[in-house]
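The structure appears right after this line, and notes come after that.
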Amino acid sequence: MVRIKKQFVTSRKNTFPGTNGRKFITIHETANYSRGAGAQMHANLQSSGFSASWHWQVDDKVAIQSFPHTVRCWHAGDGVGNGNYQSIAIEICVNVDGDFRQAVVNAVALVKKIMRDEGIPINNVVQHNHWSGKDCPHHLRKGDKGINWATFKRLIQTTAELATSNLSFGSRGEAVKQLQTDLNKLGYKLTVDRIYGPQTQKALKEALARQTASSVKIVKYGDKGEAVKRLQTDLNKFGYKLTVDSSFGPATERAVKAFQSSQKLTADGIVGPKTQKALKAEPVKQPIRKKILRFGDQGEDVRAMQAALASISFYPDKGAKNNGVDGYFGPKTLDAVKRFQSVYTPTEVDGIFGPKTQDALNKAIKNN
């Protein structure tokens, strides 16, 4: 089992009133790639009064609980909807000096524990995207770090990986023996020594990568459902103006062929692994304008800054109309800028949107 630590936030300033229904588990990623931005740093961020809130943060070493499950945290982007009012939030850390796959394995362990404790079914383990449409958890949705969402859900429910949810490097005993036996059934030639050492860890990571590769679904003309909906949404990001109706018809096929041609792929209208990979390489986001902005400013430059901050969850006024993106640099936008600076430019927390803060924001958006 992943090591668990409790560091409860006493203030309820950044939570909703009432009791959380605890019917869902919502998976997020922190989108903070800075070195050291692991579970402890994010727990400290919440303890210091961060304007959003979530129940858990987990990295490759530890899972830290910030709020009891009964608290309605402010995390889902759906206002007073079921995301905020009925779900338990888990943030998976993506810091560059951490092991993302191990963080995911630890998150699986945590999810299984919460499911047991709260009686939550696996079908109610959902993405942040489920509530607000935000591309989160980004890497699990994209599958670009060796584990995608389908694999994450399988990790929770399959027998072979059930053992890993209770293990960490250096573990010993019957659970390790079961894991090694299961991995050997997949073709690995491990010594079944009941020790979770380097070879067992390596085999597990390779198995996860293989599962991800095998989970790619081919999408083609005539298909319907969520896979087609995601395809249409991705194509629209590249400028194709499709109706997102979850149906792969003539218009979607034409858009796929045009996209394939633009990417120098075989224009056959069939969305296989290469086309899916190209679709996930989203268009380069335009950097925000290089204009110094201060408290009291207003206009399109302020609106662009607010939207950029909101795109990586530093909302000027989360839950309000457009999450506070209104073109006015008021007190709540000032707070959002300072919150961003406290994480990305900790030596310059002055609330002024100058060159250093702009560069940090553009970099954060690019990495998101």
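Some observations on this one:
- Number of residues in the stretch 240-261 that are buried (at least 16 other Cβ atoms within 10 Å of the Cβ) and among the basic types (Lys, Arg) equals 1.
- Those residues of the stretch 223-249 which are free of Cβ contacts under 8 Å to residues at least 12 places away in the same chain and assigned to a helix (DSSP H, G or I), in sequence order: ALA227, ARG230, THR233, ASN236
- Just one of the numbered conditions (1) surrounded by fewer than 22 Cβ atoms within 10 Å (Cβ to Cβ); (2) in contact (Cβ under 8 Å) with a residue 40 or more places away in the chain; (3) not assigned by TED's automatic domain parsing to the domain that holds ASN20; (4) not acidic (Asp, Glu) is not true of GLN157: (2).
- Residue within the stretch 57-69 that is surrounded by 20 or more Cβ atoms within 10 Å (Cβ to Cβ) and without any contact (Cβ under 8 Å) to a residue 40 or more places away in the chain present: yes
- Count - residues of the stretch 317-342 that are at pLDDT below 90, in a helix (DSSP H, G or I) and not polar (S, T, N, Q): 2
- Residues of the stretch 351-362 satisfying the condition of being surrounded by fewer than 16 Cβ atoms within 10 Å (Cβ to Cβ) and either without any contact (Cβ under 8 Å) to a residue 12 or more places away in the chain or of a type in the set (A, V, I, L, M) (or both): LYS356, ASP359
- Test: residue in the stretch 72-93 that is more than 18 Å from the chain's Cα centre (by Cα), without any contact (Cβ under 8 Å) to a residue 60 or more places away in the chain and buried (at least 20 other Cβ atoms within 10 Å of the Cβ): yes
- Evaluated against (1) farther than 21 Å from ASN148 by Cα; (2) at pLDDT below 90, LEU293 falls short on exactly one condition, (2).
- Restricting VAL104, VAL96, VAL108 to residues that are under 30 Å from ALA278 (Cα atoms), under 15 Å from the mean Cα position of the chain (by Cα) and surrounded by fewer than 19 Cβ atoms within 10 Å (Cβ to Cβ) narrows the list to VAL96.
- Looking only at residues in the stretch 111-126 that are more than 12 Å from ILE90 (Cα to Cα) and touching a Phe, Trp or Tyr at 6+ places or on another chain (Cβ under 9 Å), the one that is surrounded by the fewest Cβ atoms within 10 Å (Cβ to Cβ) is ASN124.
- In the stretch 67-80, the count of residues that are closer than 30 Å to PRO273 by Cβ and of a type in the set (S, T, N, Q) is zero.
The values are calculated or read from the model by the stated rules, or taken from the named source; none is laboratory data. This structure is a prediction, so every number in the text was calculated from the model and none was measured. Cβ coordinates were reconstructed from backbone atoms using ideal geometry, including for glycine residues, and neighbour counts include every protein chain displayed.
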